[in-house]
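Okay, structure first, notes after.
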Amino acid sequence: MKISISGFYGSKNTGDEAILRSIIGLFKNTYNIEKVWVFTLHPENVTSQEDIEPVYRPNFGPKWPKTDFKRTIQAVRSSDVVVIGGGGLLQDAHSNITIVRYLQTALVAHWLNTPVVYLFVGIGPINNPLNRKLTSKFLQLANAVIVRDKESKDRVASLGVNQDSVSVSADPVFSLRSSNSEDIKEILNDNGITQDRPLLGVSVREFGLTEQRISELANFLDYLASTHNYRVVFIPFSFSGSDNDIVTSRKVEEQMNNDGHVLSKEYRPETIFGLVGNMDIVVGMRLHSVIMASASQTPVLGISYLPKVRDTLTQLGYEEDQYIKDLNELSEENLRSSFDNILNKEGKYNEKVEKNRRMVQESIDSLDLRPEPRTKYQLTKISLLYLFSVIILSISEFISLMRDRGVIDE
């Protein structure tokens, strides 16, 4: 089997690289994989793995004409399936043009009669009416739509998509395996982190983390270090641009009175998995810090900065008083309360994790990958809608950017 995969890969984000490794691993459990093409903005950063061939696919903007269209068409035509996913690709919380970026590959696949599967995707929030309409039309053309949580399925239903073609699975990273425990201990020792005290892992990201919220979080970590004798270890998940977790981790650590340790090296997803699993408890903003902790049977106090974190915690069986439901509730008092509730309530998280591992593999095993030819009328109609959407959404995104930079007034 040959596969083309389109997702947020090569951008130095541990969660997305873990998703890629997991999807390929799940397919290899069922099929004989000959070739995998991965569409990416940064071919040089795609994790080195056997049988992977990166294909350059920039975002819409000045670099878009440099897209490797020839190799894109060759890869899609040669593939037995085009995978869109996994992760939170179909949302416009960060940008109006995120969704059209990923639907581009699906459009090529429909013209070439290559099966399209939306695999382990998180849906929403989708606020722009044009994005909602476009997403609905494309999902209805897919061979399968497999979402990672029930809330995403509900959002698909709100788009008017037939629910018979949509199934709920889980995040594929539940199937990932961590690095050797001895390697993890060596990394901790190299970073001066001894295990003479219980370890508290912390995952933060810049998104929505104001100075006040940083102060509240730092005070809470000081409380745990002082009263529960935790050694605080910051585990970054993203290493590029303004979303660099090392920078954000240091901001929090600088506000603490107690010493914290910020891991400053970029590690493979399996290694990060092992580091998270070696903690005694985790405080996590990043979705995959929550997933890796749960998969390692490590208690986690999740901080939901977007619905996807809350959705996953709900799926795992955490109650509302055991995590921070949104950033407006991020305070030392609420963090303390959630922490106490995690310690005092016995959860059945292990059962949920095993169920998720089974579900993600069953999702691959049950795929129907027979081509479903579309009429030229269908393809022309959705192509015109797509092109119209790209133009309007790109203009909207440009205006928003100019407003943010103060070039034009509100």
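The numbers here are math on the coordinates, done by the rules we state, and not lab data. Fair warning: this is a prediction, and the values are worked out from it, not measured in the lab. Methodologically, a virtual Cβ is constructed for each residue, glycine included, from the backbone with ideal geometry; neighbour enumeration extends over all protein chains shown.
The stretch 120-165 and the stretch 342-410 have Cα centres spaced 7 Å apart. Just add up the charged neighbours of Val100: K/R +1, D/E -1, any other residue whose Cβ is under 13 Å from the Cβ of Val100. Local charge sum for Val100: +3. Taking a sphere under 12 Å around the Cβ of Glu333 and counting the other residues whose Cβ falls inside, with K and R at +1 and D and E at -1, yields a net charge of -3. The Asp259 and Arg357 beta-carbon pair, evaluated with R₀ = 35 Å, returns a calculated FRET efficiency of approximately 0.45.
Using a cutoff of 8 angstrom between alpha carbon atoms and counting only pairs six or more residues apart, the relative contact order for the chain works out to 16 percent.
For the listed peptides 214-222, 309-317, 387-395, a ranking on the average number of other beta carbons within 10 Å per residue, highest first, reads 309-317, 214-222, 387-395.
Taking 10 °C and 1.306 mPa s as conditions, the stretch 272-409 diffuses translationally at an estimated 85 µm²/s according to Stokes-Einstein applied to its Kirkwood radius (Cα pairs).
Measure nothing fancy, just the Cα-based angle from helix 376-404's long axis to the longest principal axis of the chain, in degrees from 0 to 90, nearest 10. Tilt relative to the chain: about 40 degrees.
For the stretch 45-203, the mean projected area of the C-alpha convex hull, equal to one quarter of the hull surface, is 12.8 nm². Shape summary of the stretch 181-348, radius of gyration then Dmax from alpha carbon positions: 14.4, 40 Å. Length gained on full extension, Leu387 to Glu53: 117.4 nm, using 0.36 nm per residue less the C-alpha separation. Taking Cβ atoms as reference points and 14 Å as the exclusive limit, the residues near Thr271 contribute a net charge of -2, counting Lys and Arg as +1 and Asp and Glu as -1. Across the stretch 72-96, no residue has a backbone nitrogen under 11 Å from the label position 7 Å along the beta-carbon direction of Asn29.
Every Cα-Cα pair of the stretch 320-376 was included, and the share exceeding 19 Å stands at 60 percent. With only the Cα atoms considered, the stretch 196-290 has a convex hull volume of 90 Å³ per residue.
Each residue, Asn341 and Asn244, gets one label point 7 Å from its Cα in the Cβ direction; the gap between the two is 3.6 nm.
Using Cα springs under 10 Å in a Gaussian network model of the chain, which residue among Ser11, Ser179, Ser400 shows the largest mean-square fluctuation? Its mean-square fluctuation being the largest, the pick is Ser400.
Note on the chain: with a GNM built from Cα contacts shorter than 10 Å, the maximum mean-square fluctuation among Leu263, Leu384, Leu90 falls on Leu384.
Across all C-alpha atoms in the stretch 120-259, the radius of gyration and Dmax reach 20.7, 56 Å.
Cβ crowding within 10 Å ranks His94, His110, His261, His288 as His94, His261, His110, His288, fewest other Cβ atoms first. With springs only between Cα atoms under 10 Å, which of Lys376, Lys133, Lys35 fluctuates most in a Gaussian network model of the chain? Comparing Lys376, Lys133, Lys35 in the GNM, the peak value goes to Lys376. Debye-formula intensities of the stretch 78-122, expressed as log10 I(q)/I(0) at q = 0.16, 0.19, 0.23, 0.31 Å⁻¹, are -0.42, -0.57, -0.78, -1.10 (one equal scatterer per alpha-carbon, no solvent).
Normalised by 2.2 N^0.38 Å, where N is the number of residues, the alpha-carbon radius of gyration of the chain equals 0.99.
About the centre of its Cα atoms, the stretch 34-122 shows a dipole size close to 380 debye [charges on the beta carbon of Lys, Arg (+1) and Asp, Glu (-1) only; nearest 20 debye]. Taking label points 7 Å from Cα along the Cα-to-Cβ direction, Gln140 and Trp111 give a separation of 2.2 nm.
If the segment from His228 to Ile399 were pulled out straight at 0.36 nm per residue, it would be longer than the present Cα-Cα gap by 56.6 nm. Between Lys251 and Lys66, residue separation times 0.36 nm minus the direct Cα-Cα distance comes to 62.9 nm. Across the stretch 112-129, rounded Karplus estimates of 3J(HN,Hα) from the backbone phi angles (6.51 cos²θ - 1.76 cosθ + 1.60, θ = phi - 60°) give 8, 6, 9, x, 10, 10, 8, 10, 6, 8, x, 10, x, x, 10, 9, 6, x Hz, Gly and Pro being marked x.
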